[in-house]
Amino acid sequence: DIFQQKLKKVPLTVAFPDYQGKNDFTEACQFVQRKFESCLTHSADRLNVHITNATDTPSIRSVFDSSLAVILEQA
């Protein structure tokens, strides 16, 4: 994954100075997820997180299909 490879060369603190964890993929993903969650303004807001490899076409298709289903469900 591009993000995972980038973490090996560039610390996450370059983009997020408040990050205090290791340059570990899972830990970094959790931090980024919490950043997004902190932007939710209402308790009813919903955030669906999909960690995937951007170059894995079937996985990306699944994420898009899942996202579309949620959007249509709420329409």
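Relative to the longest principal axis of the C-alpha atoms of the chain, give the angle of the C-alpha long axis of helix 25-37, reported between 0 and 90° and rounded to the nearest 10°.
Approximately 50 degrees, to the nearest ten.
Take I60 and Q5, extend 7 Å from each Cα along the Cα→Cβ direction, and tell me the distance between the two endpoints in nm.
The modelled label-to-label distance comes out at 1.4 nm.
May I ask for the angle, rounded to the nearest 10°, between helix 57-74 and the longest principal axis of the chain, with both axes built from Cα atoms and the value confined to 0 to 90°?
Long axis of 57-74 versus the principal axis of the chain: about 50 degrees.
When 1/r is averaged over all different Cα pairs and the result inverted, which Kirkwood radius in Å belongs to the chain?
For the chain, the Kirkwood estimate is 14.2 Å.
Would you mind calculating the relative contact order of region 2-74 from Cα pairs under 8 angstrom and at least 6 residues apart, reporting the percent as a whole number?
About 20 percent, as a whole number.
For a quick protection proxy, order the peptides 61-73, 15-27 by their average other-Cβ count within 10 Å, most packed first.
Going from most to least packed, we get 15-27, 61-73.
Quick note: the coordinates plus some simple rules give every number you see, no bench work behind them. All values reported here derive from a predicted model rather than from experimental measurement. Using ideal geometry, Cβ is built from the backbone for each residue, glycine included, and neighbour counts are taken over all protein chains shown.
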